[in-house]
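For reference, the structure is listed below as structure tokens.
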Amino acid sequence: MLSPGVVVVDVGINVVGDKLLGDVDFESAKGVVSAITPVPGGVGPLTNALLLAHLLRAATDQAERRAAATGAATAKDAASAKDAASAKDAASAKGTSR
């Protein structure tokens with residue numbers, strides 16, 4: 001039973017036959033609630049966007065911690081130092097130096 005006017009964010013995914021359905025019966029709820037997310041297509045794009053944002057934040061935090069541990073002023077400086085070392089190693093392997 002849903003209270004009139006509530007907002008339903010349906011994050012459930014159930015496969016019934018060949019259909020994807022949420023945890024809430026959309027057809028019976030839409031006449032009672034003020035808003036309801038559809039399944040599929042409701043919160044999936046938001047979930048993907050948030051996962052990407054969290055991944056980027058985690059990678060940035062990790063790079064900044066590594067930079068601080070190596071004494072680099074910024075993560076960009078640490079990455080530049082790593083790239084320079086890699087280039088030097090590649091040149092040494094070819095028998096040339098920079």
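Just a few scattered comments:
- Verdict on GLY31 being exposed (fewer than 14 other Cβ atoms within 10 Å of the Cβ), in a loop (DSSP other than H, G, I, E, B) and not acidic (Asp, Glu): yes
- Among the residues of region 34-58, the ones that are more than 11 Å from the chain's Cα centre (by Cα) and part of a helix (DSSP H, G or I) come to 1 in all.
- From THR74, THR47, THR37, THR60, residue being polar (S, T, N, Q) and modelled with pLDDT under 70: THR74
- Of all residues making up region 12-26, the number that are loosely packed, with under 10 Cβ neighbours inside 10 Å and more than 12 Å from PRO40 (Cα to Cα): 3
The values are calculated or read from the model by the stated rules, or taken from the named source; none is laboratory data. All values derive from a computational prediction rather than experimental measurement. In this analysis, Cβ positions are derived from the backbone assuming ideal geometry, glycine residues included, and neighbour counts consider all displayed protein chains.
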